[in-house]
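Heads up: the structure comes next, in structure tokens.
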Amino acid sequence: MQEQYDFNTIELTMQQHWQDKKIFKANEDLSKEKFYCLSMFPYPSGHLHVGHVRNYTLSDVIARYQRLKGKNVLQPMGWDAFGLPAENAAIKHNVPPAEWTYQNIDLMREQFKRLGMGYDWSREFATCDPDFYRWEQWLFVKLYEQGLVYKKNAVVNWDPVDQTVLANEQVIDGRGWRSGALVERREIPQFFIKITDYADELLEDLDKLDGWPEQVKTMQRNWIGRSEGVQVKFTVENNPLVAEVFTTRPDTLLGVSYLAIAPQHPLALQAAEHNPELKQFIAECRNIEVSEAALATIDKKGVDTGLKAIHPITGDLLPIWAANFVVADYGSGAIMSVPAHDQRDWEFAEQYDLPRKVVIQSEPEWDYSNGAFKEHGSLINSGDFNGLGFSAAFDAITNALTNTSKGERKINYRLRDWGVSRQRYWGTPIPIIYCDDCGTVPVPEQDLPVILPEKVDFTGAQSPLKMMPSFYNVDCPTCGKAATREIDTFDTFMESSWYFTRFACNDQNNSMLDDRAKYWTPVDQYIGGIEHAILHLLYARFFFKVLRDQGLVNTSEPFTRLLTQGMVLKDGSKMSKSKGNTVNPKELIERYGADTLRLFSIFTAPPEQSLEWSDTGVEGAHRYLKRLWTFCFKHQEAIKTINSSERPYIEWKEQNAELQQFRRQLYLVLQQANHDMERLQLNTIVSGCMKLLNLMNDVSAYNTAHHDNNIPFASQPGMRLLNKILVVLLRMLWPIAPHISEQIWRDLKCEGELHNIHWPKLASDALAVENMELIVQVNGKMRAKIQVANGSDEESIINDVLQDENVMRFTDGKTVRKTIYVPNKLVNIVVGS
Ligand code: ANZ
Ligand code: ZN
């Protein structure tokens, strides 16, 4: 063993060794339980930043731990290679996006390797590789044929100077980022995939995802936005058109005083023909931002269309207004306005002096000059329905409408179909051909892939494909006449929606996926940033269900457990180039080694919380590894001797109290580590490792005091214990700081190779020497203390606790919602009625 902790040599040697032995190459071994560990693949920007280091270290720790647990682990890596930054770089540095991307991939691959990530590199791919995207094109054609794809007009940002469509992030204060021209809104035909067909399943299956953070599931639920309501038909006076509205409050029907319709609503367009003011208003509304979030806060404006709707129950005539806050493509683009009980309607009515009718009783009396009364309550001023509460009124009014064919129950979703067309070059070509005679023709399977030309001049803002007749001029696959290709490419969310399945069988050239995908999916542990909580995860869940329906995978949810890691901050704010507070991992690796960086990023904060960068923290992590190294160097002869000699059985029960106490501490740390690993509280595993080094120091001091030269090392309990602590510590540390721990393992002649050794086992006898006292809380309040045998498992402890008389006094008649066990300390029972 070297005296100096020469991390650079150690890390490079170890990495070479793992690579030579292909230890991270995953095979479909049916005799073992599989574990698919994946972190969201990176965009190849060329440089790893410390946020990446954290994200990828987290998943490497989990993957390596599962390996020691005996699982058949797959941890692949690839590149989310299409997208806008490559186009921007191409314009800036005059290098084709493909070239820029592949160079970056090479750089980043080396950085990952230098960090010691345990990836199966044989499964690597980049999404810009035709061998990958051809299958995306194949699937798209399948979906097209099955009617899950359609084309419709959708709004884009049009730069009139550059004559190109801009992505939202290329529009700055309403102007094109290059030209500075005022951006126009244009409608152009685009492809959509019917994700809404899966809305119900996407919503319902969230309940099965026990391994997902609640917060992410809530965000998905809100995004899908299911609401139950009623579609009400209002006939229009002297007009064949009907105004249909969607309402979640049919109980307020008798309080409707006007209708509000979206400016693009057919009734508004019709009325505008004879109404210049309305026409002008509709034109103005075209140029405003249409996102729902924007509409929610907009200044409410409207114009009376002059049309009158007939109330379905009272027969009253109600004015119809065109209003800018009504979303054209939600519900039916029209609302029945109840200013007394809906705040937006209230504001609109105030502004245009429209009448207000109170139909819900408030207690105490509500002051309507301040705003709408939005609560549920008994009906008043509602004729036959007076006195009914919310649900009864909902049902009664709905039935009255249904019986007269003036309404029906309806479920609406906020979720929109997925627009997948992008007017960009650097993406997967959409495999569609347009023929004057045959119309829209999908590219036949045998003609796939449609390859994106990579040698392009990319200077201006426009897609180079527009200027490449060699790309877009083709023969129609149906009739053979001259035709043209679609030059739009796919939204890059398409690739990230299914890449994780392809890692199972990236070498398969005859189909999108094969049986290996059924073996490896679902991903057991997925790790990534909270910024992907909605779109990426929703699209991936959707695609997985689509793949299931194609028979390509055999489960319904792609990610069993999800860990959303926190951000890396410096001085409390996000690191960014513009703030000049970035930290370069490369320099840190040179200075301290990869193990230090890994240890620091795991130790400093629990995975889900943000991590505050600190140079002293990095130094602290480094010092720990150095101390460990030095300790091992100092004790190497003794440890090596024990490891290479026959070790007689030691009856621990017969040893003195001090030794038993040391041994107990070892297993308490291990017990905690087991618990922490399973709940991914990885930072406290490092604390455990630190405790074990301290413990080794204590045991070593004990050994010095009790040393007997006449007994061989291997027979001295204190020496054996020291050895035991070390081999537990090295295994606990290996997932986090794999190079140093494996090197020490090797240098000190521990058994076999560390990467093949199983995770240490608990010696429950060490823990069972006495009872321990646990604090029991009910809903966070301390209610009892109970004695349980040391080393009992969580299940039996919870059982004991729930049967304890004192505890039962507080849980009686309530449902136990959750139990939280903090080993050796407390149990918290969460109850609800
Ligand atoms: C009458 C009413 C009375 C309403 C009341 C609410 C409260 P969610 O839950 O989001 O589905 N609405 C319907 N379509 C709309 C559109 N295209 N643009 C803007 N608003 C629209 O909300 C449904 C409610 O949002 C509907 O119920 C409707 O207003 C409005 F005291 O109808 B409500
Ligand atoms: Zn044709």
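The values are calculated or read from the model by the stated rules, or taken from the named source; none is laboratory data. Here the structure is a predicted model, which means the values were calculated and not measured. Note that we place each Cβ from the backbone using ideal geometry, even for glycine, and neighbour counts take in every protein chain shown.
Can you name every residue in segment 417-433 that is within 13 Å of ligand 2 (Cβ to nearest atom) and closer than 18 Å to residue 154 by Cβ? Scanning segment 417-433 gives a single hit, 432. One residue alone among 813, 791, 832 is modelled with pLDDT under 90 and surrounded by 17 or more Cβ atoms within 10 Å (Cβ to Cβ), and that residue is 791. Where strands (runs of 3 or more DSSP E) sit wholly within segment 477-594, those with at least 1 residues that are touching a strand residue (DSSP E or B) at 6+ places or on another chain (Cβ under 6 Å) and touching a residue at least 60 places away in the same chain (Cβ under 8 Å) occupy 523-529, 559-565, 568-570.
For first residues located in segment 434-445 and among the polar types (S, T, N, Q), partners that are away from ligand 1 (no atom under 16 Å from the Cβ) and lie 6+ apart or on another chain with Cβ distances below 9 Å form the pairs 440/144; 440/151; 440/432; 440/433; 440/434; 440/486.
Condition check for residue 799 on (1) assigned to a helix (DSSP H, G or I); (2) in contact with a strand residue (DSSP E or B) (Cβ under 7 Å, 6 or more places away or on another chain): one failure, at (2).
Within segment 58-72, residues that are among the hydroxyl-bearing types (Ser, Thr, Tyr) reach partners that are modelled with pLDDT of 95 or more and assigned to a helix (DSSP H, G or I) with beta carbons closer than 7 Å, at six or more positions or on different chains, in the pairs 65/677. Scan segment 231-274 residue by residue and report those that are crowded, with 24+ Cβ neighbours inside 10 Å, in a loop (DSSP other than H, G, I, E, B) and of a type in the set (Asp, Glu). None - no residue of segment 231-274 is crowded, with 24+ Cβ neighbours inside 10 Å, in a loop (DSSP other than H, G, I, E, B) and of a type in the set (Asp, Glu), so the list stays empty.
Restricting segment 475-490 to residues that are over 33 Å from the mean Cα position of the chain (by Cα) and buried (at least 17 other Cβ atoms within 10 Å of the Cβ) leaves a set whose member that is farthest from ligand 2 (Cβ to nearest atom) is 485. Residues in segment 462-476 that are modelled with pLDDT of 95 or more, out of contact with any helix residue (DSSP H, G or I) (no Cβ under 7 Å at 6 or more places or on another chain) and outside any loop (DSSP other than H, G, I, E, B) were compared, and the one that is nearest to ligand 1 (Cβ to nearest atom) is 474.
Taking the numbered list (1) closer than 30 Å to residue 531 by Cβ; (2) assigned to a loop (DSSP other than H, G, I, E, B); (3) not acidic (Asp, Glu) in turn, residue 649 passes all entries but (1). Of the residues making up segment 314-339, those that are crowded, with 24+ Cβ neighbours inside 10 Å, more than 32 Å from the chain's Cα centre (by Cα) and assigned to a loop (DSSP other than H, G, I, E, B) number 2. Could you check residue 37 against (1) of a type outside the set (D, E, K, R); (2) within 22 Å of the chain's Cα centre (by Cα); (3) at pLDDT below 95 and say which number it fails? So the condition that residue 37 fails would be (3).
A residue that is of a type in the set (Gly, Ala, Ser), in a helix (DSSP H, G or I), closer than 29 Å to residue 170 by Cβ and out of contact with any helix residue (DSSP H, G or I) (no Cβ under 7 Å at 6 or more places or on another chain) occurs somewhere in segment 39-52. Looking across segment 54-99 at every residue that is of a type in the set (A, V, I, L, M, F, W, C), in a helix (DSSP H, G or I) and at pLDDT below 95, the one that is surrounded by the most Cβ atoms within 10 Å (Cβ to Cβ) is identified as 86. Going through 503, 493 one at a time, which residue ends up being under 16 Å from the mean Cα position of the chain (by Cα) and under 19 Å from residue 125 (Cα atoms)? One residue alone meets the criteria, 493.
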